[in-house]
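**Student:** My questions will all concern the structure given below.
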Amino acid sequence: MVKPIQRLDDPNTLGGVVNNTDGNTTVYANNLLASVNTSTVGNFRPPKGNGAVNTATNYGSRGVFAHNQPINYTNNNDDNGAERIGGSTNVFVGDEIDQDIPSIRLVVENDDEDVFLPGEGKRRFENLKRDGTISEREQAISDPPPTGQKDTVVKPFTGNVNANCGGIELVVEPPGLPPLQGKTLEAVQLSPRFTVGKLTRKPFIIYDHPLIYGRTKLSLAETVCNLKLLAINCLEPIFDKFPNAIITNTYREGTGTSQHVLGQAADLQFRNVTKGDYYKIAQWVKDNVVYDQFLLEYKTTGTRLPWLHISFNKATNRRDVRTFLNDQTYARGLTDLAIV
């Protein structure tokens, strides 16, 4: 992935511009100093504020540096959650996280699979062919045959289930005080492994989706509560068993009914495993983790890498298990598909 480099005077979505590139005094793009992490951003007005305030850039490249600081690029978020926009039209920087982690890229950005109607996934796939989004090679790929391995037995979960937010709501939105934002919010501990930032922000996950007050479908406190319960009940036991797990995304903004929008769902991939290993991993998760919906997902397009989708709902957990192929239900339960 490469994106336009951010420079002195480039704006964010709240109108604030980089006005000091901190320690970088010698690296330029288009005759403007390149912005690096901790560059200051000023002269913007927050959505519900009156006075102009300052913030700083953050979340820059993991592979390109100036004066030992990551260089910022378009779509990074500043400390206050505002997104970097604009940038150079012909100077770009990359982020090594997309090179060493097998990302499924836009696949998970659009995965509303938990609300798909029968046949909708196939219709979307056909539309991608018609629009030319899928290459001729991908169009020629037929659905993979099942290997013969199936696991359709879903046992009741007999372990401990935590459906108590533990007062996290009052921490995130303190009564009579402004809600937490930026790095303060991201530092909130949800479980032994995970903070809010480690479940929503790069470089900890593939897709960067900061929690921003006023832009979540549920209240900020409810969304963080859902992330906490997802971490405790689903992600911690999976990482205990599979420390090579990678979270591609959890929460994302939106108005649809996807559980990602509510902070209830996560997508996972795994380092150093074969495509066939996903079926074995999915079997363990199916039998040993509590969940509302658990999906083993396959694609015959793009990177063709499988992934797991898991969700937790504090109100009720259906233990709905399915195998998906190209965004639609292939089978109830788990089926090992011969993706090559």
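The values are calculated or read from the model by the stated rules, or taken from the named source; none is laboratory data. Everything numeric here is computed off the predicted structure, so don't read it as measured data. Here Cβ is always computed from backbone atoms with ideal geometry, including for glycine, and neighbour counts include all displayed protein chains.
**Student:** Do you know which residues across segment 228-256 are touching a residue at least 60 places away in the same chain (Cβ under 8 Å), of a type in the set (S, T, N, Q) and more than 23 Å from residue 298 (Cβ to Cβ)?
**Tutor:** 233
**Student:** Provide a single number: the residues in segment 220-248 that are crowded, with 22+ Cβ neighbours inside 10 Å, in contact with a strand residue (DSSP E or B) (Cβ under 7 Å, 6 or more places away or on another chain) and within 17 Å of residue 208 (Cα to Cα).
**Tutor:** 1
**Student:** When you look at residue 28, is it modelled with pLDDT of 85 or more and within 22 Å of residue 210 (Cα to Cα), yes or no?
**Tutor:** Working: modelled with pLDDT of 85 or more: yes; within 22 Å of residue 210 (Cα to Cα): no.
The answer is no for residue 28.
**Student:** So, one more: Kindly provide the set of residues from segment 255-277 that are surrounded by 15 or more Cβ atoms within 10 Å (Cβ to Cβ) and on the phi > 0 side of the Ramachandran plot, ordered by number.
**Tutor:** 263
**Student:** Please verify whether residue 328 is at pLDDT 95 or above, surrounded by fewer than 21 Cβ atoms within 10 Å (Cβ to Cβ) and assigned by TED's automatic domain parsing to the domain that holds residue 268, treating the condition exactly as stated. Before the answer, list the steps.
**Tutor:** On the way: at pLDDT 95 or above: no; surrounded by fewer than 21 Cβ atoms within 10 Å (Cβ to Cβ): yes; assigned by TED's automatic domain parsing to the domain that holds residue 268: yes.
When the stated conditions are applied, residue 328 does not pass them.
**Student:** Can you find a residue that is modelled with pLDDT of 95 or more, more than 21 Å from the chain's Cα centre (by Cα) and more than 27 Å from residue 204 (Cβ to Cβ) anywhere in segment 285-305?
**Tutor:** yes
**Student:** Restricting to segment 311-325, and then to whatever is touching a helix residue (DSSP H, G or I) at 6+ places or on another chain (Cβ under 7 Å) and over 16 Å from residue 163 (Cβ atoms), can you tell me which residue is modelled with the highest pLDDT?
**Tutor:** Top of the filtered list is 321.
**Student:** Among the helices (runs of 4 or more DSSP H) confined wholly to segment 168-207, which include 3 or more residues that are under 17 Å from residue 226 (Cβ atoms) and either out of contact with any helix residue (DSSP H, G or I) (no Cβ under 8 Å at 6 or more places or on another chain) or free of Cβ contacts under 8 Å to residues at least 60 places away in the same chain (or both)? Outline the logic, then answer.
**Tutor:** Numbers: elements: 168-172, 182-186, 196-200.
The helices (runs of 4 or more DSSP H) meeting that bar are 168-172, 196-200.
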